[in-house]
1. Subtracting the Cα-Cα distance from 0.36 nm times the residue separation, let me have the gained length for Lys42 to Ala93 in nm, one decimal.
2. May I ask for the angle, rounded to the nearest 10°, between helix 104-130 and the longest principal axis of the chain, with both axes built from Cα atoms and the value confined to 0 to 90°?
3. Let me know the charge dipole size of the chain about its Cα centre in debye, to the nearest 20, where only the beta-carbon of Lys, Arg (+1) and Asp, Glu (-1) is charged.
4. Which of Phe5, Phe70 comes first, and how do the rest follow, when ranked by fewest Cβ neighbours within 10 Å?
5. Answer with one residue from Ser48, Ile12, Val74: the one whose Cα lies farthest towards the positive end of the charge dipole of region 1-84, charges on Cβ with Lys, Arg +1 and Asp, Glu -1.
6. Just one of (1) -0.35; (2) -0.53; (3) -0.72 is log10 I(q)/I(0) by the Debye sum over Cα atoms at q = 0.11 Å⁻¹ as worked out from the coordinates here. Which one is it?
7. With a point put 7 Å past each Cα toward its Cβ, work out how far Leu114 is from Trp13 in nm, to one decimal.
8. Which order do Trp78, Trp63 fall in if you start with the one that has the fewest other Cβ atoms within 10 Å?
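Since every read-out is calculated from the coordinates, none of them should be taken as a lab result. Values in this document were obtained by computation on a predicted structure and should not be read as measured data. Every residue, glycine among them, receives a Cβ derived from its backbone with ideal geometry; neighbour counts consider all protein chains shown.
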Amino acid sequence: MKVNFDDPNPGIWLDIDENNPDEGRICLRVMSTAKERELDRKYSKKKSKVVKGRIHDTVDIDWPKRDREFWDYVIVDWENIRSENDVEIPATAENKLFLMEKNPDFQEFISDMLEKLREQKEERKKATEKN
């Protein structure tokens, strides 16, 4: 196995429609556990308050900021994603978040593709453990 130390998780390009590659393609990557913990720490605030002599801890998460960074990380890039007016939509953090929040078809596609990538990763891990 070769590993790129400059970019250990570069993502995988997937056709949006396997039967029609002109429909566009998207580069996705699965977020590592370490990266996910990093996001959780970055956007979480622990609050403590005393109620009847007991300390109660709560954690507030800034979900909008966390989601923005999450989707910007897992959706690496795309090609040939266009508006209704046939204008190419750049793969910015704002556009990624907008489509994930406002376009159910896009969200479902991304979620399905990420699940497939996770399953493939798990299968590779099991195959490696057998050897």
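1. 16.6 nm
2. The answer is roughly 90 degrees.
3. With only Lys, Arg, Asp and Glu charged at Cβ, the dipole is about 1500 debye.
4. Phe5, Phe70
5. Ser48
6. Among (1) -0.35; (2) -0.53; (3) -0.72, the one derived from this structure is (2).
7. 2.3 nm
8. Fewest-to-most ranking of Trp78, Trp63: Trp63, Trp78.
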